[in-house]
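A short write-up of the structure that comes next.
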Amino acid sequence: MAGDPYFLTDLIVDCGVFYLFLEGTYSCPGKRLALMTAKMVLVYTVYYYDFSFTLGEDGTAISRDKCDKVILYAGPLKCSFQKL
Ligand code: HEM
């Protein structure tokens with residue numbers, strides 16, 4: 001619907017998808033830096049560590065327990081890392 005800022009919500013096909021940078025009212029000027037840093041952390045972690053969720057962790061709390069107070073606070077995510 002033209003002029004309706006919320007019409008894009010009609011296009012969402014999977015509500016389980018979670019994209020951090022679309023949270024909140026403002027846009028994030030640090031998005032590119034954050035994504036580049038996250039990629040480097042991920043690459044080094046996969047390369048140097050064996051990792052898994054801790055007992056009882058299923059990966060849902062990081063989104064379910066998030067708190068948006070201008071700065072977005074993610075919920076907990078408990079993982080264990082074993083250096084290879
Ligand atoms: C994984 C890392 C990051 C995530 C998930 C993230 C996410 C976000 C989100 C969702 C917002 C909007 C908040 C709202 O409207 O309530 C925001 C705002 C902002 N972010 Fe980020 N951000 C990240 C990293 C960074 C970095 C690295 C910088 C700076 C170097 C940065 C600077 C800012 C600033 C200044 C704002 C406020 C913009 C405004 O008020 O107009 N962020 N961020």
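The values are calculated or read from the model by the stated rules, or taken from the named source; none is laboratory data. On a predicted model such as this, the values are computed, not experimentally measured, just so you know. All Cβ positions, glycine included, derive from the backbone under ideal geometry; neighbour counts span all protein chains shown.
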Consider residue 20 carefully, then state whether it is within 29 Å of residue 83 (Cβ to Cβ) and modelled with pLDDT under 85. yes
Residues located in the range 58-84, provided they are touching a strand residue (DSSP E or B) at 6+ places or on another chain (Cβ under 7 Å), part of a strand (DSSP E or B) and within 19 Å of residue 25 (Cα to Cα): 67, 73
Go through the range 47-84 and report how many residues are within 15 Å of the ligand (Cβ to nearest atom), in contact with a Lys or Arg (Cβ under 7 Å, 6 or more places away or on another chain) and of a type in the set (Ser, Thr, Tyr). 1
Condition check for residue 73: surrounded by fewer than 10 Cβ atoms within 10 Å (Cβ to Cβ) and closer than 16 Å to residue 19 by Cα: yes
